[in-house]
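Just below is one structure, and these are the notes that go with it.
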């Protein structure tokens, strides 16, 4: 085993969230630009598998010259996109920051609520056909790293975020200068009226060039041959793969004609072209000159970038697939290009970068085994259990007791339970005990179960509970099973190995070396806050002092 691989592997430990510690004194010369790169789906296991094929300028440089933990922990209960972004941005367990999942249920209105929904906001773009439904980071209840930057450095500090989906808003936070994503109706760049009244010119220019339409007719070929793919992943024609569209083997093509913008976006999703679109916007942002440019003066700026292609492909093809391997190698190349851009446009020694993932990549469900668990698979038996327990209760609608499934959280109507003569906690206990008997369910935990836990992940999840937004029963599935609901695929499990992702820092003010085995993604925000001397209001993570150069 190579020395680099030993470094990448680190030490295995059942880590838990650590309390925040006192930050280091503000550095005399903070970096002109701090970049946070979030690569969802980048699990430690996948990173290890791809390591022998990496280039010298990407992950190898990051781990050689930076501070790193190749097996940092995802400590939050629901490892999906929105809570992961909230955890990274705030340094808090996401439920405590107001974002326990990609969506939750308003019990009074019996309606689902997206983590980035905002009825008072509108979407801002340069194409009149965009989806104007309001999106913002307004659901966040705690300040983000971006807010700490703005408070410390004032209006001269630029905070921007770029990503494939609107959840990039949660990385940026409400006080950012802008958070921009690719609209699902037009395939063009858009933002939120909470941040901007119009798009910046460099994004308008990208839209005028065609947005996602520039990828029509392009072909996704893998970067390696079949033998290499089988050595580091699995066969290309694995029958277990479950793509949303198209086949299961390379090459993959983006339709050249007769596809609507919505279908075009779906065709690009989960391919290298999705990440290429985001990285193209990063390139454009780094070209901006003057006060609105990033890293152009001595006032620190913050750029947050979210890449989703790997997680999207993983949901279809799984972590052992050649598709996932190819995308990791492309992230490696893109990372090398980004580091080169930062050296060129911001200046060597004037920037710092942090890389992590807000979600890993759970094992691929086996086709035809029922391992893709839908909402009705849980809601129907839960409703039956409660109706059988309260036969005298008059049912006024089809799902009287159950509101819905938000990822792994099952939500109950507290009002209906009380009308039937049952306290919500009692109803939740009944449902948990019943659903625990289903083949796909490993454990069914009530809020009371989590609050009574005395250590480890379950105790952390008890601390993470949100009074209104968390569900009533948390469903942990058997290995290989995932939820497939209206908000996409979600994973919640207590198997530590499926919760390991890389966390690394590189650049000005960063001391090379291995980070502690109990590092978690909650440590990213407080560490960067300490790097620039911009303290967070509160944090469940801690500043990793070993990652920072000692200026004393």
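Laboratory data are not the source of any read-out in this text; all were calculated from the coordinates shown. Being a predicted model, the structure only gives us computed values, none of them experimental. Cβ atoms come from the backbone with ideal geometry, glycine included; neighbour counts cover every protein chain shown.
If neighbour count is taken as other Cβ atoms inside 10 Å, put 378, 92 in order from fewest to most. It would help to have the intermediate numbers written out before the result.
Working: 378 25, 92 30.
Final ranking by Cβ density, sparse to dense: 378, 92.
The range 372-490: D in µm²/s via Stokes-Einstein (Kirkwood Rh, Cα pairs, 37 °C, 0.692 mPa s)? Spell out each step's value before the answer.
Details: Rh = 14.5 Å.
In µm²/s, the coefficient is 226.
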Quick one: compute the contact order of the chain, relative version, from alpha carbon pairs under 8 angstrom and 6+ residues apart, as a percent.
29 percent
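Work out how much length residue 376 to residue 239 would gain on full extension: take 0.36 nm times their residue separation and subtract the Cα-Cα distance, in nm to one decimal. The partial results should precede the final answer.
Working: separation 137, 0.36 × 137 = 49.32 nm, distance 2.59 nm.
Length gained between residue 376 and residue 239: 46.7 nm.
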Over 23 Å, how big is the tail of the calculated P(r) for the range 219-349, in percent of all Cα pairs?
43 percent
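If you take every DSSP beta bridge whose two residues both sit in the chain, what share of them, in percent to the nearest 5, is antiparallel?
Approximately 60 percent, going by the DSSP bridge assignments.
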For the pair residue 550 and residue 223, how long in nm is the line joining their label points, each one 7 Å along Cα→Cβ?
3.8 nm
Would you mind checking the range 410-426 for residues with the amide N under 18 Å from a putative spin-label position 7 Å along Cα→C-beta of residue 394?
415-422
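Rank these for me by crowding, 527, 271, going from fewest to most other beta carbons within 10 Å. Could you put the intermediate results ahead of the total?
Numbers: 527 29, 271 23.
The fewest-first ordering by Cβ neighbours comes to 271, 527.
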Burial ordering of 268, 482, fewest other beta-carbon atoms within 10 Å first
482, 268
Only helical DSSP H runs with n ≥ 4 go in: add -39500 (n - 2.57) per run for the chain, normalise by residue count and round the 222 nm mean residue ellipticity to 500 deg cm²/dmol.
-9000 deg cm²/dmol
For the range 144-186, the Cα-Cα pair-distance distribution in 5 Å bins from 0, as whole percents, is 5, 28, 27, 18, 11, 6, 3, 1
Considering Cα pairs under 8 angstrom that are at least six residues apart, work out the relative contact order of the range 408-474 and quote it in whole percent.
42 percent
What relative contact order, as a whole-number percentage, does the range 421-532 give when Cα pairs under 8 Å and 6 or more residues apart are counted?
20 percent
PRE zone check, label point 7 Å out along Cα-to-Cβ of residue 259, amide N under 18 Å, scope the range 146-185, hits 164-165, 182-185
Taking 35 Å as R0, compute the FRET efficiency from the Cβ-Cβ separation of residue 297 and residue 205 and round it to 0.05.
0.90
Between the range 310-379 and the range 110-165, what's the alpha-carbon centroid distance in Å?
23 Å
Orientation-averaged projected area, Cα convex hull of the chain (nm²)
24.4 nm²
Taking 7 Å along the Cα-to-C-beta vector as the label spot, tell me the residue 119-residue 426 distance in nanometres, rounded to one decimal.
3.4 nm
Could you order the peptides 498-507, 280-289 from most to least packed, using the average number of other C-beta atoms within 10 Å per residue?
498-507, 280-289
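Quote the FRET efficiency, to the nearest 0.05, computed for residue 55 versus residue 463 with a Förster distance R0 of 41 Å and r equal to the Cβ-Cβ distance.
0.50
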Nearest 5 is fine: what % of DSSP beta bridges in the range 112-253 come out antiparallel, could you say?
75 percent
